[in-house]
Amino acid sequence: MSDTARTMLSSSLKTALSGRELLDCPVLNKGNAFDRRERDLFGLHGLLPASVATLAEQADLARARLAALPDNFARHIALREIQDRNETLFYAIIDEALEAWLPIIYTPAIGRACREFSHIWTRPRGLFLNYADHRGRIAEILASPQFDGVRVIVASDGGSILGIGDQGANGMGIPIGKLSLYTACGGLDPARALPVLLDVGTDNETLLADPEYIGWRHARVRGAQYDAFIAEFVQAVNTRWPDIALHWEDLSGADALRILRRYRGDMCTYNDDIQGTAGVTAGALLAAIRAGGAALDAQKIVIFGAGGAGCGIADLLAQMMVAGGMTAQEASRRFFMVDINGLVREGMPGVTEGQQPFAQPADVASGWRVDDAAHITLAEVMAHVQPTMLIGTSGQGGAFTREIVAPMARQAARPIIFALSNPTANIEATPADLLAWTQGRAIIGTGGPFAPVDYAGRMRPVDQINNSYVFPGVGLAVVAGGITRMTDGMFLAAAHALAALSPAAGAADPTTAPLLPPVSELRLVATAVARAVIMQGQKEGVAPQASAHEVEAALGDAVWTARYRPYEKA
Ligand SMILES: O=C([O-])CC(=O)C(=O)O
Ligand SMILES: [Mg+2]
């Protein structure tokens with residue numbers, strides 16, 4: 001088939017739906033933009049007012065209405081309602097200025113949207129699979145033909161939503177939000193996206209006591225029962241869609257790592273908090289080194305928050321050090337992981353599988369002060385280690401105080417401080433404080449969006465080191481490149497692709513340039529990440545061989561954009 005013929009065919013869309021059913025289908029609905037031909041063809045006369053609008057007109061009108069709302073939370077709710085009515089319109093609205101809309105559809109507005117999900121919820125979207133009703137029946141539920149086209153699933157159990165903990169079924173806000181980014185940034189056709197909330201109960205007392213709570217009102221199921229429910233889900237997904245990307249999100253730390261390790265060899269699955277966050281952090285670190293941070297082999301890194309994200313970051317950065325010539329042992333000694341039990345040391349009770357490789361020898365801290373609970377605090381670690389880099393994945397708002405940061409401010413020429421916790425109230429320190437405490441020398445990044453900071457009369461942009469720089473490209477790679485397994489090598493490739501796009505790379509003065517491209521360029525970033533991931537997949541034998549030219553064509557074909565295609569009767 002010639003390229004022209006294919007474009008012509010793929011530019012129109014066939015559907016068997018008509019009348020009300022067509023208007024009620026959010027991925028197909030065009031509202032009053034159905035033209036007269038389509039109104040004839042699909043029995044829409046009388047169901048729509050006379051005027052025929054364009055998508056641009058609909059989007060302008062919607063933006064004007066959204067602008068009149070009191071705040072971003074109200075806009076978030078209104079946008080989700082638009083998405084549930086008309087997905088094309090939803091993406092057309094936000095496409096115009098991704099940078100402005102992202103904080104509304106995603107972090108930080110999505111944090112409150114999750115807390116209040118039961119109260120703002122109007123229409124079902126995605127799949128809620130609950131332990132009480134659906135155990136033993138998941139395959140039957142997934143078999144429904146409505147799910148035939150699914151290519152990317154984002155699944156959460158609501159156990160550890162952003163930095164705000166157990167949100168039970170309310171956590172569904174996150175799979176929905178992440179999939180919106182797959183489309184807005186990675187061009188995933190919304191008809192191929194499925195958000196899943198695995199409702200295994202919640203230990204959140206506020207939710208359990210809330211009469212409006214939409215989830216299963218039960219304590220969180222744990223242990224063997226939890227694992228069996230997850231196993232049933234994964235098996236059902238793998239059988240139903242052998243070529244799917246299964247993205248895990250916001251599980252609690254130990255579950256996250258166990259599930260990833262258990263299934264990553266069997267299917268194309270990855271954990272965004274562990275691997276996506278690690279990928280973007282690694283990319284930003286490579287850029288920070290160019291901007292004057294210590295060289296990779298000179299880095300000493302303190303990670304505060306030793307859950308899934310913290311361990312994933314340590315793991316990928318250590319692999320990067322090993323690729324640069326260090327031994328695994330040398331690399332792992334460069335990491336000092338600190339959590340609620342203080343510095344993670346060998347032989348401590350409760351050291352998790354993910355922390356194990358980075359547990360410091362028990363004698364590393366001889367002579368260091370221990371607190372009343374025999375813990376070595378973050379402050380003590382900072383004073384002795386004097387790191388070159390400090391990473392926050394703790395969810396503990398304000399944990400990085402002036403005293404914490406002071407030792408690295410004294411010692412490092414350009415201390416690298418990435419405060420990654422989300423949403424805004426949970427960030428370990430604000431960019432303005434970090435700059436003030438380091439006399440403007442710190443290279444900083446945050447997990448959510450921050451406005452540029454005026455430091456000593458100069459505006460300093462704040463990099464958003466968020467996994468949205470990685471996962472949309474990974475999804476695009478799976479869809480376009482036929483990836484069958486996600487490897488660490490692919491996340492390293494994504495990090496290098498990201499660093500190659502860093503404005504610091506070609507800047508006359510890399511010390512003042514941003515580390516990452518702006519959020520407005522996330523589409524371009526996703527394509528670059530996808531390209532790198534596919535090429536790496538081919539090298540590792542987990543993607544079919546294809547020439548660079550074929551990969552480019554496949555990437556172009558895979559990208560869905562928000563426009564109304566003409567419909568024909570199926
Ligand atoms: O969603 C985000 O903005 C980053 C993330 O994965 C998290 O905080 O859990
Ligand atoms: Mg997350």
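Can you tell me the length gained on complete extension of the stretch Thr122 to Asp243, counting 0.36 nm per residue apart and subtracting the Cα distance? Please list the in-between numbers first.
Working: separation 121, 0.36 × 121 = 43.56 nm, distance 3.17 nm.
So the extension gain works out to 40.4 nm.
The stretch 489-507 and the stretch 344-368 have Cα centres lying 32 Å from one another. On a per residue basis, the convex hull of the C-alpha atoms belonging to the stretch 332-426 measures out at 111 Å³.
Going from the alpha-carbon gyration tensor of the stretch 4-128, what semi-axes, largest first and in whole Å, does one get by taking the root of 5 times each eigenvalue?
Numbers: eigenvalues 164, 55, 48 Å².
Sorted largest first and rounded, they come to 29, 17, 16 Å.
Every Cα-Cα pair of the stretch 157-203 was included, and the share exceeding 15 Å stands at 45 percent.
Using the average count of surrounding beta-carbon atoms within 10 Å as a protection proxy, the listed peptides 64-73, 294-303, 308-317, 550-559 rank, highest first, as 308-317, 294-303, 550-559, 64-73. Cα convex hull, the stretch 252-377: 120 Å³ per residue, rounded to a whole number.
In the calculated pair-distance distribution of the stretch 320-367, the portion above 18 angstrom amounts to 30 percent of the Cα-Cα pairs.
Within the straight-line cut-off of under 21 Å between alpha carbons, the lysines reachable from Lys569 are Lys14, Lys30, sequence neighbours fewer than 8 places apart in one chain being disregarded. Using the Karplus relation 6.51 cos²θ - 1.76 cosθ + 1.60 with θ = phi - 60°, the per-residue 3J(HN,Hα) values for the stretch 418-431 come to 10, 9, 9, 6, 10, x, 3, 5, 9, 5, 5, 6, 7, x Hz, with x marking Gly and Pro.
How big is the shadow of the Cα convex hull of the chain, averaged over all directions, in nm²? Each step should come with its number before you reach the end.
Numbers: hull surface 110.7 nm².
Spelled out: convex hull of the Cα atoms, projected over all directions, averaged, 27.7 nm².
For the stretch 505-553, state the semi-axes of the equivalent ellipsoid (square roots of 5 times the eigenvalues of the alpha-carbon gyration tensor), sorted largest first and rounded to whole angstrom.
Working: eigenvalues 169, 29, 18 Å².
So the three semi-axes of the stretch 505-553 are 29, 12, 9 Å.
Radius of gyration over Kirkwood radius for the stretch 362-486, both on Cα atoms: the Rg/Rh ratio is 1.08. Summary of the geometry: the stretch 37-85 and the stretch 289-324, compared by the centres of their Cα atoms, lie 46 Å apart.
As a fraction of the 1.4 Å probe accessible area of the chain, surface on carbon and sulfur atoms comes out at 55 percent. By the compact-protein rule of thumb, 2.2 N^0.38 Å, the alpha-carbon radius of gyration of the stretch 58-146 corresponds to a ratio of 1.31.
Of Phe128, Phe400, which has the most accessible area and how do the rest follow, probe 1.4 Å? Show your work: numbers first, answer last.
Details: Phe128 60, Phe400 5 Å².
Greatest to least solvent exposure: Phe128, Phe400.
Label positions at Ala64 and His549, each projected 7 Å from the Cα along the C-beta direction, are separated by 4.9 nm.
Sort 494-505, 232-243 by packing, meaning the average of other beta carbons within 10 Å per residue, with the highest value first. Spell out each step's value before the answer.
Numbers: 494-505: 21.6, 232-243: 16.9.
Final packing ranking: 494-505, 232-243.
Backbone phi angles across the stretch 382-391, fed through the Karplus curve with coefficients 6.51, -1.76 and 1.60 (θ = phi - 60°), yield HN-Hα couplings of 4, 5, 7, 7, 6, x, 8, 9, 10, 10 Hz in residue order; Gly and Pro are listed as x. Compactness ratio for the stretch 175-283: Cα radius of gyration over 2.2 N^0.38 Å (N = residue count) comes to 1.17.
Between Ala97 and Leu13, the modelled label-to-label distance comes to 2.7 nm, taking each label 7 Å out from Cα in the direction of the beta carbon.
Annotation: per residue accessible area for the stretch 221-295 equals 31 Å², rounded to a whole number [probe 1.4 Å, protein chains only]. The calculated Kirkwood hydrodynamic radius for the stretch 86-217 is 15.5 Å, given to one decimal from all distinct C-alpha pairs. Computed with the Debye formula from one identical point scatterer per Cα of the stretch 489-570, without solvent, the log10 of I(q)/I(0) at q = 0.10, 0.21 Å⁻¹ comes to -0.36, -1.00. Whole-percent P(r), the stretch 475-536, all Cα pairs, 10 Å bins from 0: 23, 46, 24, 7, 0.
I need the peptides 145-158, 18-31, 273-286 ranked by packing, meaning the mean over residues of other C-beta atoms within 10 angstrom, with the highest value on top. Present the calculation step by step, with values, prior to reporting the outcome.
Values: 145-158: 20.6, 18-31: 16.6, 273-286: 28.2.
Going from most to least packed, we get 273-286, 145-158, 18-31.
For the stretch 462-476, 3J(HN,Hα) computed residue by residue from phi via the Karplus equation (6.51, -1.76, 1.60; θ = phi - 60°) reads 10, 6, 9, 8, 10, 5, 5, 7, 10, 5, x, x, 5, x, 4 Hz, glycine and proline entered as x. Centre-to-centre separation between the Cα atoms of the stretch 511-559 and those of the stretch 215-269: 27 Å.
The values are calculated or read from the model by the stated rules, or taken from the named source; none is laboratory data. None of these values were measured; they are calculated from a predicted model. Here the Cβ is made from the backbone with ideal geometry for all residues, glycine too, and neighbour counts use every protein chain on show. Heads up: the accessible areas ignore ligands, DNA and RNA and are worked out on the full protein's heavy atoms, side chains in. Shrake-Rupley method; radii C 1.70, N 1.55, O 1.52, S 1.80 Å.
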